[in-house]
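Peer 1: Got a structure here, written out as structure tokens. Questions coming.
The values are calculated or read from the model by the stated rules, or taken from the named source; none is laboratory data. These numbers were taken from a predicted model, which means no experiment stands behind them. As a convention, Cβ positions derive from the backbone with ideal geometry for all residues, glycine included, and neighbour counts pool all protein chains shown. Remember, those area values only see protein heavy atoms, side chains included, never the ligands or the DNA or RNA. Shrake-Rupley method; radii C 1.70, N 1.55, O 1.52, S 1.80 Å.
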Amino acid sequence: MSDQGILAVVSGFSGAGKGTLIRAMLDKYHNYALSVSATTRAPREGEEDGREYFFVSREKFQQMIEEEQLIEHAQYVNNYYGTPRQYVFQQMADGKDVILEIEIQGALKIKERFPEALLLFVTPPSADELKRRLIGRGTENLDVIDKRLHRAAAEAEGINSYDYILINDTVERCAEEMHRLIQAQHRKVSANLDFIGQMKSELKAI
Ligand code: 5GP
């Protein structure tokens with residue numbers, strides 16, 4: 001079996017409940033590491049630097065790009081977001097399955113650079129439900145909600161590039177399904193070539 005962790009990207013419309021799902025999965029299963037992104041967005045009420053994000057200035061973000069500290073970055077509704085390289089590689093080398101909660105442009109860049117990465121897309125059961133959740137969350141003003149819904153329409157076009165879709169009807173069921181899909185990646189033949197090679201040579205030696 002492979003010792004290296006899986007790189008799993010979780011995307012989904014803003015308000016689809018990805019954050020809640022990922023937290024539910026991490027609470028229950030402990031072989032995961034959640035990557036903390038850098039962003040130029042201002043912290044929301046209750047968010048802490050280094051926990052939800054590393055909140056940085058535009059200048060600092062630019063510097064991180066130049067120093068190749070990010071494995072991908074993207075712009076999303078007036079702000080920049082990016083995935084720090086070092087943590088992801090270190091955790092995967094330690095055998096942890098690393099979760100990137102990132103938007104679609106970043107996800108596609110990850111797939112290009114790491115074809116073995118698993119891409120999961122989370123959606124609520126309907127567009128109406130998405131709007132209800134975004135308004136109900138109460139963290140953004142109506143103008144930003146509107147921009148996020150428009151962005152959702154554009155993002156829907158990219159779903160076909162993902163490996164699996166997760167319909168977030170109930171958190172518990174969906175978190176379990178996410179876990180099972182990620183664990184199935186460990187059983188892929190392409191992730192077990194060393195084991196298979198070993199088995200072949202042992203069989204020949206019998
Ligand atoms: P929010 O402002 O709601 O926290 O995040 C906005 C969007 O940016 C979400 O879709 C989130 O998944 C995405 N995002 C967060 N971190 C990253 C990142 O490091 N890279 C990319 N490409 N997107 C990110």
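Peer 1: One residue is enough: does segment 22-41 have a residue meeting the conditions modelled with pLDDT of 95 or more and over 19 Å from residue 99 (Cβ atoms)?
Peer 2: Yes; the residues of segment 22-41 include at least one that is modelled with pLDDT of 95 or more and over 19 Å from residue 99 (Cβ atoms).
Peer 1: Further question on the same structure: If residue 39 satisfies every condition in (1) near the ligand (Cβ under 10 Å from one of its atoms); (2) within 16 Å of the chain's Cα centre (by Cα); (3) within 22 Å of residue 168 (Cβ to Cβ) but one, which is the exception?
Peer 2: Only one criterion in (1) near the ligand (Cβ under 10 Å from one of its atoms); (2) within 16 Å of the chain's Cα centre (by Cα); (3) within 22 Å of residue 168 (Cβ to Cβ) is unmet by residue 39, namely (3).
Peer 1: Among the numbered criteria (1) assigned to a loop (DSSP other than H, G, I, E, B); (2) open to solvent by less than 60 Å² (accessible area, probe 1.4 Å); (3) in contact (Cβ under 8 Å) with a residue 60 or more places away in the chain, which single criterion is violated by residue 4?
Peer 2: (2)
Peer 1: Next up: Can you name the residue in segment 187-206 that is within 13 Å of residue 3 (Cβ to Cβ) and open to solvent by less than 80 Å² (accessible area, probe 1.4 Å) and, of all such residues, is modelled with the highest pLDDT?
Peer 2: Once the filter is applied, the top-ranked residue is 192.
Peer 1: Give me the residue from segment 68-101 that is open to solvent by less than 40 Å² (accessible area, probe 1.4 Å) and of a type in the set (D, E, K, R) and, out of that set, nearest to residue 55 (Cα to Cα).
Peer 2: Among those residues, the one meeting the criterion is 72.
Peer 1: Something else now. Read through the list (1) open to solvent by 50 Å² or more (accessible area, probe 1.4 Å); (2) modelled with pLDDT under 90; (3) touching a Phe, Trp or Tyr at 6+ places or on another chain (Cβ under 6 Å), then give the number of the only condition that residue 152 fails.
Peer 2: For residue 152, the exception is condition (1).
Peer 1: Further question on the same structure: So which strands (runs of 3 or more DSSP E) are wholly in segment 44-102 and hold at least 1 residues that are in contact with a Gly (Cβ under 8 Å, 6 or more places away or on another chain) and near the ligand (Cβ under 9 Å from one of its atoms)?
Peer 2: Counting at least 1 such residues, we get 70-76, 79-84, 97-101.
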